[in-house]
Amino acid sequence: MEVDLPEEMEVPTEHLHEDMEHAAHHSGETWIVFVALSSALLAVLAAACSLLAGHRANEAMIEQIQASDQWAYYQAKGVKSAVLESKMELLHALGKEPDAKDEEKVTEYKNQQKEIEEKAREKEHSSEQNLASHQILAKGVTVFQIAIALGAISALTRKKWLWFVSLTLGVLGAVFFLQGIL
């Protein structure tokens with residue numbers, strides 16, 4: 001099914017670049033066009049950086065929850081082991097021999113605790129790494145936002161040096177972005 005759009009709804013983009021250049025040349029300040037383009041690029045980088053920062057924060061939280069679950073499991077095995085050890089001590093105190101299966105079970109619980117502890121520590125470490133990455137990416141977002149604001153201010157005040165500061169901050173934001181993803 002083909003839908004015909006009225007002509008007034010179409011956005012004529014074929015002459016947009018020429019119109020921007022003409023306006024910039026007419027004002028004698030072609031650099032303003034580049035301020036707009038660089039600010040748009042910085043906005044895209046800021047959005048990507050923000051998305052990744054949020055993802056890393058979520059991953060850090062999920063892994064910390066998983067580590068906490070592992071520690072709870074670790075403690076449950078410890079409680080089971082302690083109960084069996086108490087039972088065996090009580091039997092010894094009564095002059096009876098504890099069941100060999102109970103001793104095997106205590107050993108099994110202690111071995112399981114070692115494995116569980118290792119998993120919990122891995123999750124904690126991974127969570128810490130994701131949180132550190134989140135913090136670096138969050139710094140990148142902040143620097144990108146400041147760079148965009150300075151770009152807008154430079155265009156409004158016609159101060160080219162502010163645009164160069166904006167670009168410098170954009171490069172710094174890109175450094176944070178790269179550090180956060182590596």
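We did not get these values from a lab; they are worked out from the coordinates using the rules stated. Worth saying up front: this structure is predicted, and the values here are computed from it rather than measured. Please note: Cβ atoms are built from the backbone with ideal geometry, for glycine as well, and neighbour counts cover all protein chains shown.
What FRET efficiency comes out for the pair THR142/GLU29, r = Cβ-Cβ distance, R0 = 22 Å, nearest 0.05?
Calculated transfer efficiency: 0.15.
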Rank these for me by crowding, VAL143, VAL33, going from fewest to most other beta carbons within 10 Å.
VAL33, VAL143
Explain nothing, just the number: dipole magnitude of the range 117-181 about its Cα centre with +1 on each Lys and Arg Cβ and -1 on each Asp and Glu Cβ, in debye rounded to the nearest 20.
600
Sequence of THR142, THR157, THR168 once ranked by neighbouring C-beta atoms within 10 Å, starting from the fewest:
THR157, THR168, THR142
So what's the Cα pair-distance distribution over the range 41-181, bin width 5 Å, in %?
2, 11, 13, 10, 9, 8, 8, 6, 6, 5, 5, 4, 4, 3, 2, 2, 1, 1, 0
